[in-house]
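One structure is given below, encoded as C-alpha cells.
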Amino acid sequence: MHKVYHRVHNIAGNVINIRAEGVRYRELAEVTSRTGTSLAQVIRLQDDEVSLQVFAGARGVATDAQVRFLGHSMQVPYSEALLGRIFTGAANPRDRGPELAENLIEIGGPSVNPAKRIIPRNMVRTGIPMIDVFNTLVESQKLPIFARAGEPYNPLLARIALQAEVDVIVLGGMGLKHDDYLYFRDTLEESGALSRTVMFVHTASDPIVECLLVPDISLAVAEQFALEGKRVLCLLTDMTSFADAMKEIAITMEQIPSNRGYPGDLYSQLASRYEKAVDFDGAGSITILAATTMPGDDVTHPVPDNTGYITEGQFYLRDGRIEPFGSLSRLKQQVNGDTRDDHRTIMDTLVQLYAAYRETLEKQSMGFRMSDWDEKLLKYGDRFEKEMMDLTVNIPLEGALDLGWQILADCFEPMETGIQSSLIDAFWPRSASQSEASSSAEATEDKTPGKPDEGDAEEDTPAEAEDTEAKPEPETVEA
Amino acid sequence: MTQVQGTIVGVNGNMITVEFEDAVSMNEVGYARLGDLRLMSEIVRIRGKRADLQVFEDTAGLSVGDPVDFTGEMLSVELGPGLLTQVYDGLQNPLPKLAEECGFFLQRGTYLPALPRDTKWIYTPTASVGDTLTAGETLGTVPEGMFEHRIMVPFRLRGSYTVASVAKAGEYTIEDTIATLTDESGDSVEVSMMQRWPVKLPIQAYRERLRPTEPLVTQSRTVDTFFPVARGGTYCVPGPFGAGKTVLQQLTSRYADVDIVVIAACGERAGEVVETLREFPELDDPRTGKSLMDRTVIICNTSSMPVAAREASVYTGVTLASYYRQMGLNVLMLADSTSRWAQALRETSGRLEEIPGEEAFPAYLESVIASFYERGGVVTLKDGTTGSVTIGGTVSPAGGNFDEPVTQGTLKVVGAFHGLSRARSDARRYPAIDPLDSWSKYESVVDNAAVEAGRSVLQRGSEVGQMMKVVGEEGTSQDDFMLYLKSEYLDSTYLQQNAFDPVDSATSAERQQHVFGVISGFLQADLSFKDKTTARSFFHQLTQTTRDWNRAEMESQEFKDIQARLEKMVSEVTVNA
Ligand SMILES: Nc1ncnc2c1ncn2[C@@H]1O[C@H](COP(=O)(O)OP(=O)(O)O)[C@@H](O)[C@H]1O
Ligand SMILES: [Mg+2]
C-alpha cells in the first residue's frame, strides 16, 4: 500500500534525497540498490523534497534505487526473548538466533514526567572500595567513566555489571572493537549473566548511522523492562563514539558546528539519552553506566565536558585506578548515611589523608625535608593505593570500611586522624600492631565492633568533615 | 476573530515551515495538527507567505500538507490565585496533573489549564463603583496561603477605566466575573480573577523603577558579607560542573529572605528538581512556620524535555515573578542554568540557518541575555507600595572556562558575580565561591570597612600561600606566615559554611554582623608565637572552636560561652592586649 519511489536525485554523505508526497517526519523507508537493502529515516522535509539518512550508509546506493516508505518510525522488538541475545545497532541478530519481529516498540520515546520520579535510595554494591566507600553508586544513577583510550574501562563496566544485583543488563556498544565485543560476550557467558543480558552492538566496522541508534534502542528496551518492575542496568560504551557519529553526520549535513566540530545540540542529544535513567514511582528502575573516552585525556573536551554537566557524577579512571579526586557520585549522600555509622567519616578521613599524602609527595619531589608526619603519610599513601585503590581489590563495603580502620591504625595515632572520639571508641582496632600490611577483609571482619552512639555519628555530615585540609592539586585531577 | 490557518511545507527537527494566507504576527502561537493531536508552536520568523515555527514538542509524524491553526495570541501564561505551590513545565502545564492524566511519560499535545478552574476563592472587593483605575491597580483581594493576592485591573488594558460594577464579597472561581469596567469611550470589559500575559513582554503596570539598594539576605555568609545581592538586583553563578551551583541555588531557595521564590529548572537534571519538589512540602519555612512549598513555584523544563519549551521556561518564570511583584511582594527568581536556555537559542538559530556568532551562538545572544535580566528590579507600584524581582542565574560554561559568550554576556549586565572555582570545590571548600574573583556592586549586610579589611587579608594570604609552594614554610617570614594563617582562618570559619548543619547552613544578617565583627577583631590583632608550629596549632584550635561556635544557636548560652573562650584564646597570644 505504501508508495515506492525510484528516483534519487541527490546523494551526500549518508543522506539521499528524493521527491515524494505524504511522507511523515522520522518515518522509516527501505532503500534497495544492487548492493543490498538498508533502512533509512526521514530527517528533513521541504516541500516535496525528502531527505533520508541511510542506516547502512549511502555507499553503493544508485540514483535509481528503490525507496519504499514503511509508515512508521524506528521500532525494536521487545519481549523476554531478547534476553541472552545479541543484535546489531539496527536491531538485527548478530548471534545465530532467530529474527524477532513481535511486539514492536518505538524508540526515542517521550521523557518521564518529573512528578513520577522518586528520590533514589538504594545502593548498588560493586565490591570496589573506590566506588562503594568513596563514591557510592546508587540505583537509577547515570554515571560515566571518564578515561583515556586504553584504560580498562570495559573490564570495569563488565565487572560492575556482574557484581551488581540487577534483574536485567542491557549493553549498548558503540564503535566497539571486535575484541571488546567478544570480551563482553565471553565474560557475561562464563559468569552465567548472559541469560539476563541483551546486547546491541555496533562495532567500529559497522555503518556509522547504526552507531547513532544504539543508545535509543538500548534505552527503549531498558525502559520496557523497568516499566515491568525490573531493575535494569544499562551499559553504554563508548559514548564518545556516539558523539563522534553525530559530529560526522552533522558535518556532512553542513550544520554549523559549535565547538570543535560538534553540533550545537550535543548537550541536548546526550541529555535526552542519559535522562532515561530513572527510579519510577511504582515500577522498576534504569541505572546507566557509560564509558566516555577523553580524547587527548582532556576533560574539557566537549564530550566529557557536556557529559559532566548531565550525569550524576563521574568516575575518573587513570592508570588503571579510580581517582579519589575528580571522581564524584552526586547521589552518594542519599545512601551512605544508612550503610554503617562510620561510612561517611571513613570516606572523608581516608581521602583527606590521601590528599595530604599527595602534598607530601610533592614536597618530597621538591627536595623539602620529610618530617615524622610526612613519613607517616608516605606509609599511609602507599598502603591506601595498594589496598584500596587497586582495582583487583574486591571486598564488600563493610570489609572495606574495616580495612580502612586497619590501615589508619597501622599508620597513625587515633588523635592524628581527627576522627571524633565516639567513633574511635567504637571502631578503632584494638590490636593494631599485630596485623600488618596484608590485613585482608576476612582478617578484620570478625573484629567489627558494636554500633557506636548513633546521634554523634549522624551529626558528622560530609561537608563538615571534608572541608578541612583536604586540598588535592586541581592540576592532577584535570590535566 | 477569524481563525487563520496555514499548511506545513517543511519539517526540520523541531522547526516547521508553514505557508499562510491571512495576517499572522511574530511570536504568535500556532497548533500543528497531527491526527487528533495539536502540537503547540511559536512563529520565530516570517518571510513572505511562509513562517518558521519552533514546535514545543517532538515533531515526529508531521507531514507536508498538515494544517496549522494560528491563535492570534503570543505565548502566554495564566495569572491568578493558585500559582503558588505549583510545579509547571516551561509552557505552564501542571506536571502533577499531567501525571494523573498521562501516567509516567510526558505525552505530547496534552495541555492542561495552569490554574484550577473549580477552586473557590474568598474574594473581598476593595474598589468601588465609580472609581477610576488603570492597569495593575487593585480591584479586590483573595487570601492565597499566607499572602493577600491582589486581583488587579488586567495589565493588557490601556488607558483608564471606570468601575461600573463590583461583585460583592464572597466565593468565586477564577473564571467568574468580579468587576465590570468601562473605558473612556464607554465600552465595557468584564474582569475575572484570572488574566493572561505574553511571557516575552515585561509587565510594566507600575509607577516607577527604583535603584536596588536594600540587601536581599540569602543567609550565605560569603554572599551577604562579601558579594551581596540586593532586592531587585541581578546576579549570576558561573562554575564548572560539580562546583556546587545547584546546591547553592537550592540553599538560596530555602533560606533567602523574600516572600516568594520562583525556581526555573532550565535544561538540567530532572533528579535535582525531584529533590526539591519532594522535599519542599516537608520543610518548614523558618520565617513563617508554613511549608516552604507555600511560597514556591517551580518551573521544570529539564534537559530531556523539548528544547523550545526550555527557551520559554525562563520567561514563564520571570513573568510569574513579575506578577507577584505587582502585589507589593519581594520575589526571587532562580534559573538553573541560563546556559541551557542560551543553548536552546543556539539550536533554534542554527535551524534557521542564521549567521552564527562566537561558538555558534546567535549574534543577538548578548541583547537577549541583557533584556532578560532587565526584567528584574524594584518598583514603586501605583498605590505607592514597592515590590521587587531579584534574578539569580547559574551559568555552565563549556570546559569551566568563563571566557565564553554566555558568561561574558551575563557579566556585562548583572550586579553581582559569584564565580565558583574548581580548586575550591575539589578541596571541599563549600560554597566554592572564589573570594578573589567574585564581585558585587551592592551593599553588604556588614560594615564596609571591615569587609574591605577582610578582603585584603584573603588577598595577601593567598599570595603568601602561592609563594610558600615555591619556597616552603622555612623560606617564609613569620609575618607572612601569620597573614597566611589568618586568611585560612577567615576562609575556613566564615567563608566556608556547612550546608548540612541545621544552624551553620543559614546565618542571619544580624548574626553575620556580630560574628564578622568578632572575627575581624581577631584578624586585626597583633599575635605573637614562639615559632610557626605553635602558631599553626593555635590556629587549628581556634578554627575548630570557631566552627563549634558556628554550630551553636545564637540565642544559646553555648554561643556566649564559646565566644568568651575564643576571645580568651586570642587575648592570651595578643601583644599588648
Ligand atoms: N555547599 C555544599 N556542601 C556540601 N557539598 C556540596 C556543596 N555544594 C556542592 N556539594 C557537592 O558537590 C556536588 C555537586 O554540586 P552541584 O551543586 O550539583 O554542582 P553543579 O550544579 O555546579 O554541577 C553535590 O552533589 C555535593 O556532593
Ligand atoms: Mg547543577
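A few notes on this one:
- Whole-Å semi-axes of the ellipsoid equivalent to chain A (Cα gyration tensor, √5λ, descending): 49, 23, 19
- In a fully extended conformation the segment linking B:Glu100 and B:Leu436 would gain 116.0 nm over its present Cα-Cα distance, using 0.36 nm per residue.
- Under the combined filter of DSSP loop state and at most 10 neighbouring Cβ atoms within 10 Å, the stretch A:85-178 retains these GluC sites (Glu not before Pro): A:Glu99, A:Glu102, A:Glu165.
- Rounded, prolate or oblate (a/c below 1.5 giving rounded, otherwise prolate when a/b exceeds b/c) for the stretch B:5-74 by Cα gyration tensor: rounded
- Relative contact order of the stretch A:164-252, defined on C-alpha pairs under 8 angstrom at six or more residues apart (%): 44 percent
- Förster radius 41 Å - calculated FRET efficiency between A:Asp47 and A:Ser205 (Cβ-Cβ, nearest 0.05): 0.65
- Contact order relative to length of chain B, as percent, for alpha carbon pairs under 8 angstrom and 6 or more apart: 13 percent
- Inter-chain shielding of B:262-271 (mean C-beta neighbours from other protein chains, 10 Å cut-off): 5
- Relative to the globular-protein estimate of 2.2 N^0.38 Å, the Cα radius of gyration of the protein assembly as shown stands at 0.99.
- Treating each Cα of the stretch B:6-131 as an identical point scatterer and summing with the Debye formula, the log10 of I(q)/I(0) at q = 0.12, 0.22, 0.23 Å⁻¹ comes to -0.56, -1.24, -1.31.
- Scattering profile of the stretch B:454-577 at q = 0.13, 0.14 Å⁻¹ [log10 I(q)/I(0), Debye over alpha-carbon scatterers]: -0.54, -0.62
- Remark: relative contact order (the stretch A:260-353) = 18 percent; criterion is Cα-Cα distance under 8 angstrom and separation of 6 or more residues.
- Rotationally averaged projected area of the stretch B:282-334 (alpha carbon convex hull; nm²): 4.5 nm²
- Gyration tensor verdict on the stretch A:263-408 (Cα atoms; rounded if a/c is under 1.5, prolate if a/b is larger than b/c, oblate otherwise): oblate
- For the stretch B:1-57 versus the stretch A:77-91, the gap between their alpha-carbon centres in whole angstrom: 40 Å
- Within the same chain, aspartates and glutamates fewer than 8 places from B:Lys290 are excluded, and of the rest, those with a Cα less than 15 Å from its Cα are B:Glu144, B:Asp257, B:Asp259, B:Glu279, B:Glu282.
- Shape class for the stretch B:79-180: prolate, because the ratio a/c of the largest to smallest gyration tensor axis (alpha-carbon atoms, square roots of eigenvalues) is 1.5 or more and a/b beats b/c.
- Heavy-atom SASA rank of B:Phe402, B:Phe559 (probe 1.4 Å, accessible area, largest first): B:Phe402, B:Phe559
- Computed over the stretch A:4-72, the convex hull of the alpha-carbon atoms projects to a mean area of 3.7 nm².
- Alpha-carbon spread of the stretch B:121-193, three principal axes, descending order, Å: 38, 19, 19
- Once the Cβ-Cβ distance of A:Arg121 and B:Thr288 is raised to the sixth power relative to R0 = 35 Å, the FRET efficiency obtained is 0.70.
- Peptide B:239-248, shielding by other chains (average Cβ, 10 Å cutoff): 3
- Exceeding the 19 Å Cα-Cα cut-off - candidates B:Lys97/B:Lys245; B:Lys469/B:Lys532; A:Lys116/A:Lys276; A:Lys276/B:Lys245; A:Lys116/B:Lys245: B:Lys97/B:Lys245; A:Lys276/B:Lys245; A:Lys116/B:Lys245
- Using distinct alpha-carbon pairs, which all enter the 1/r mean, Kirkwood radius of the stretch A:76-334 in Å: 18.2 Å
- Acute angle (nearest 10 degrees) that the helix B:532-550 long axis makes with the longest principal axis of chain B, alpha-carbon atoms: 40 degrees
- Average other protein chain Cβ within 10 Å of Cβ, residues B:488-498: 2
- Ranked by the mean number of other Cβ atoms within 10 Å of their residues, highest first, the peptides A:55-67, B:9-21 come out as B:9-21, A:55-67.
- Rounded tilt (10° steps) of A:397-411 against the dominant C-alpha axis of chain A: 40 degrees
- Helix B:245-255 axis, angle to chain B major axis (alpha carbon atoms, nearest 10°): 90 degrees
- For A:Arg7, B:Arg269, A:Arg231, the ranking by accessible surface with the largest value first comes to A:Arg7, A:Arg231, B:Arg269, using a 1.4 Å probe.
- Cα centroid separation - the stretch A:322-373 against the stretch B:168-183, whole Å: 65 Å
- In chain A, the calculated helix contribution to ellipticity at 222 nm averages -10000 deg cm²/dmol per residue, counting -39,500 (n - 2.57) for every DSSP H run with n ≥ 4.
- Gap separating the Cα centres of the stretch A:150-222 and the stretch B:347-364, nearest whole Å: 37 Å
- Rotationally averaged projected area of chain B (alpha carbon convex hull; nm²): 29.7 nm²
- Ranking by accessible area, most exposed first, for B:Lys290, B:Lys530, A:Lys142 with a 1.4 Å probe: B:Lys530, B:Lys290, A:Lys142
- Taking every DSSP bridge with both residues inside chain A, close to 60 percent are antiparallel.
The values are calculated or read from the model by the stated rules, or taken from the named source; none is laboratory data. Note that the structure is predicted; figures quoted are calculated from it, not measured. Quick reminder, even Gly has a Cβ in these numbers, built from the backbone with ideal geometry, and neighbours come from all protein chains shown. Heads up: the accessible areas ignore ligands, DNA and RNA and are worked out on the full protein's heavy atoms, side chains in. Shrake-Rupley method; radii C 1.70, N 1.55, O 1.52, S 1.80 Å.
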